[in-house]
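The values are calculated or read from the model by the stated rules, or taken from the named source; none is laboratory data. For clarity, every value in this text was computed on a predicted model and none was experimentally measured. Note that we place each Cβ from the backbone using ideal geometry, even for glycine, and neighbour counts take in every protein chain shown. Keep in mind that these areas ignore ligands, DNA and RNA; they rest on the heavy atoms of the full protein, side chains included. Shrake-Rupley method; radii C 1.70, N 1.55, O 1.52, S 1.80 Å.
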Amino acid sequence: MAKISVAALLLVLAKGAAFAPPSIQLAKSISSVSNSSLNQSTRAATTETESKPADSVAVTEPVQQLHTQPQAAAPPSGKREKILREPALWEYNFGLQDPQLALPHGIIPRVSAPEKYQITEEQIATLERDGVVHIKGVFDQEWIDYLRAATNHQVKEPHFWAFAGTASKLYDYIQRNVWQTNKAFADFYYHSAMGHVLAQCGRTDEIRVSTDLLMVNPNKGFKWHQDNQNGPITWEEGIRFWITMDETPKDYGAPVYLKGSHRNDVVEELSVFV
């Protein structure tokens, strides 16, 4: 999990299997996006780290990389306020959702081939050595606008799968497996260059989405911790990546990773969060 300025996508993928998203029909989510106002960010203190522009991807491998999510700080007014209100139980949606969003670059859903984005051998080696790599420029403004629109829809039309996470009050909105309930996010995973980037990072030809998490406007921070795999995959098979939809400069929002912590062998295999 990582500190988020407003909204971000966090996914776990398994190497060695193709991703073919299921057909999703109209209903009134994704598995990694949600909230009400995308133009206001939450400040958070952080240690030395690299700022993450909104078009970048942070990749960690294996999935148990040690990292921290800083505590959110109060805005200049001195009083921090929630951007989103918690939905009432009867306001949640069930089933599949389709925001009816046009894909960027003239892409036709389930017809156009997935896009590609070539990364360097140096970036792959950095991931293997340090357990984390920051890849800039993967998505252009059209893709960022698309993800923000999908997130806006999800927040305004909250899915029941967000009920437990949102009730925790860690985020204004948080939903796991949004790609399974929201067609816009499923289309993003299938048609964007995300799959190509992750396949290169894992030195594999194919990948499969295991789980994703949409997080909007953090209200609390996490200290140093390690996430285990989320799904029926081993540490060696998993790659976790984080996409930010806003600017996340060093002063707030950006996650901090401890280089080399992916080689930690003291965590139990069955541990989910340490």
With respect to SER271, is the statement that it is in a strand (DSSP E or B), of a type in the set (Ser, Thr, Tyr) and open to solvent by 20 Å² or more (accessible area, probe 1.4 Å) true? no
Among the β-branched types (Val, Ile, Thr) and modelled with pLDDT of 95 or more: does that describe VAL111? yes
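Residue by residue, here is whether (1) among the basic types (Lys, Arg); (2) modelled with pLDDT of 95 or more; (3) in contact with a Gly (Cβ under 6 Å, 6 or more places away or on another chain) holds:
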position: THR120; (1), (2), (3): no, yes, no
position: ILE124; (1), (2), (3): no, yes, no
position: ASP130; (1), (2), (3): no, yes, no
position: ILE135; (1), (2), (3): no, yes, no
position: ASP145; (1), (2), (3): no, yes, no
position: ALA149; (1), (2), (3): no, yes, no
position: LYS156; (1), (2), (3): yes, no, no
position: PHE160; (1), (2), (3): no, no, no
position: TYR171; (1), (2), (3): no, no, no
If we keep only residues of the range 246-262 that are out of contact with any Phe, Trp or Tyr (no Cβ under 8 Å at 6 or more places or on another chain) and open to solvent by 60 Å² or more (accessible area, probe 1.4 Å), then the residue modelled with the lowest pLDDT is ASP251
Quick check on the range 222-236. Is at least one of its residues part of a helix (DSSP H, G or I), of a type outside the set (Val, Ile, Thr) and open to solvent by 10 Å² or more (accessible area, probe 1.4 Å)? yes
Please indicate, with yes or no, whether at least one residue in the range 147-159 is out of contact with any Ser or Thr (no Cβ under 7 Å at 6 or more places or on another chain) and β-branched (Val, Ile, Thr). no
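In the set ILE239, ILE243, which member is open to solvent by less than 10 Å² (accessible area, probe 1.4 Å), under 22 Å from SER112 (Cβ atoms), part of a strand (DSSP E or B) and touching a Leu at 6+ places or on another chain (Cβ under 7 Å)?
ILE243
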